[in-house]
Amino acid sequence: MAQQDKDGQPLFGTRRRFLQTLGAGIFSTGINATFPLASWALTSPKYLHEGIGDYHPQTYFDLAFRYTPLDIDGRTGTATAINGTVPGPLIRWRQGDTVTMDVTNHLQDTKHASIHWHGILVPFRMDGVPGVNFNGIQPAETYRYQFRVVQAGTYWYHSHSRFQEQTGSYGPLVIDPKDGEPFHYDRDHVIVLSDWAFTDPETLFRNINLAPEYYIYYKRTVFNYLHDIRKKGFAEANAELLPFRRMNMSPRDLSNVTGYIYTYLMNGHSPDMNWSGRFLPGETVRLRVINASSMSNFDVRIPGLDMDVVMADGKAVKPVRCHEFRIGVAETYDVLIRPREARAYTLFAESLDRSGYARGTLAPEPGMQAPVPPLRPTPDRKLEDIGMGMMKGKYFGGMSDAMKEKLWRKRMQLQDDAIPGPNGPMPFLPDKDNPNVAMVVMNPQDRLAEPGVGLGHDGWKVLTYKDLVSAEPQPYKATVDREMCINITANMERFIFSLDGKKFTEQPGPYLFKHNERLRLFLVNHTMMEHPMHLHGMWMQLETGAGNKEIPFKHTILIKPGEALSVLITPIEKGDWAFHCHLLYHMEAGMFQVVRVA
């Protein structure tokens, strides 16, 4: 039976019904279907992308899922494309408008398709998460999304159905403010970063479930060990290494899917395809950087140019000058650059694990290129980096079982103990008998001023969350009504990812938020990987130590290993919302939960 709205009217129907009832104002994307890449992103050696220009916002959009051939570096794969392109078409709205998107599923062999408007505040039936707030778009059916746009900035959209996001179902979303931009710029480029694999994502998922290090070719070797001994001495080298061995963990557990299998893309272009964007010397150029990857965090820089970060996740921040920033999966950053010389610059997005990169060129004339920086060495995590510094030098060997149990209990703590947090003690839930939890951080840290593993040692300024100061009005009250804590947990050896020690299928029920309450939510990462945590339907305001009116708005937060942080939330829309890690395979492995606002 077709889904119905509150008045009993069908929310979607057959494609024939959709065509019969289609009115005026169609958003025409026919030209896009003839290209493997979105027309807004096309470049060639003879052409420089001019920017998104004066393309006017629309209020009606006709979008369709189809399997589409995709050519990258001479190889052809099959994409789950939206309107025939990867990335999907640039969608542009205007703040204050009511927009309508009719989305049709032409994927006959799938259970459903969907589009989630990432970071957009919508009624919960418009959020696009199958099984949470609607049934998904069934084959040959159309679903109508319709809502008023209440915000502005740079966002994106993507499928929330199984692995469609990995196979190309994503695109950029730009919302023009009704009262003008808060800063000046002369030219505007959208930069969509993503990861592409010619291997079927079901195969990828199966392989990393069976062997989480299946695609990690940069594992430490005996030569690394001997190098550490020569550099640090035998005792110091073993003091750092052996606790990792005892915990069945690796200092190089950085990414589950790497450049060994991925081609990293910029606006659908591989590094060799070299997406190119134009500027004229003296212009101020806005780059809207969107990380639409499934599993890849990137470190972005433009050698030879400063960047002013002016927006984070679509919300204005006071300008921060930097030379590099880490962008987690699903985050967006808007930066301004001011090239003065008539030469080419490389836009370089290096994967966190240094297994590959996406790159493009910014230049005043066609055919110009700049040197591509070499990949930096793969970083090693230290025990301190994962909140386990107290384990350094504790090898476990030669201890009695009683001593091992005592140390284990000290690590795990008791169920009613607490750990220090940014705003006082936080409850501590994982227990020693939970097979879903391989590590419990004894000493979680405030890491908001840290750039992250592998960054901060190159002699240039790297953006941190601590740098972000909101330039937006504060619409919510300062008084906190309630506090709660969510622990990010995992057993990485078994590829189990969870919240509070439970996979989604094991959760007893949704997290309960109260409508319009001011909630302080603590997040503690008890794993040794970064997790981009995304909350649907409401803002998370990251408590950075700034005043209440200056804390930045975020829809996705990249939380570091061993980190404890807190966010303020005011749930303004009732309904069921998703909260999950935006690493696609971590979400599918269990790091997902429903938040119920009532």
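Some points to look at:
- Full-stretch length increase - residue 506, residue 98 - with 0.36 nm per residue and alpha-carbon distance subtracted: 143.0 nm
- Here each label is just a point 7 Å from Cα along the line to Cβ, and for residue 198 and residue 598 those points are 5.1 nm apart.
- Here the 3J(HN,Hα) profile of the range 458-472, calculated from phi with Karplus coefficients 6.51, -1.76 and 1.60 at θ = phi - 60°, is 9, x, 10, 7, 10, 4, 10, 4, 4, 6, 7, 10, 5, 10, 9 Hz, Gly and Pro shown as x.
- Proximal charge balance of residue 516 [Cβ under 11 Å; K/R count +1, D/E count -1]: +1
- Shape of the range 464-581, Cα gyration tensor, a/c cut at 1.5: oblate
- Label zone of residue 186 (point 7 Å out along Cα→Cβ, amide N under 18 Å): in the range 262-279 this covers 277-279.
- Subtracting the Cα-Cα distance of residue 549 and residue 494 from 0.36 nm times their residue separation leaves 15.5 nm of extension gain.
- Computed FRET value (nearest 0.05) for residue 106 with residue 60, which takes r as the C-beta separation and R₀ as 30 Å: 0.95
- Taking a straight Cα-Cα cut-off under 19 Å and skipping sequence neighbours fewer than 8 places away in the same chain, the aspartates and glutamates within cross-link reach of residue 232 are 240, 380, 384, 385.
- Where a label projected 7 Å from the Cα of residue 471 along Cα→Cβ would reach, residues of the range 323-338 with amide N under 17 Å: 323, 332-338
- Here the extension length gained between residue 481 and residue 449 equals 8.8 nm, from 0.36 nm per residue of separation less the Cα-Cα distance.
- Neighbour net charge for residue 312 - beta-carbon separation under 10 angstrom, K R +1, D E -1: -2
- Spin-label pair residue 514/residue 433, simplified geometry with 7 Å Cα→Cβ offset, distance in nm: 3.4
- Rounded to the nearest whole Hz, the Karplus-based 3J(HN,Hα) values (6.51 cos²θ - 1.76 cosθ + 1.60, θ = phi - 60°) of the range 329-343 follow the sequence 3, 5, 7, 9, 9, 9, 10, 10, 10, 9, x, 9, 9, 8, 9, with x at glycine and proline.
- Modelled spin-label separation between residue 572 and residue 457, with each label point placed 7 Å from Cα along the Cα-to-Cβ direction: 4.3 nm.
Any read-out appearing in this document is the output of simple, stated calculations on the displayed coordinates, not a laboratory observation. As the structure is a computational prediction, the values presented were derived from the model and not from experiment. Note that each Cβ is placed from the backbone with ideal geometry, even for glycine, and that neighbours are counted across all protein chains shown.
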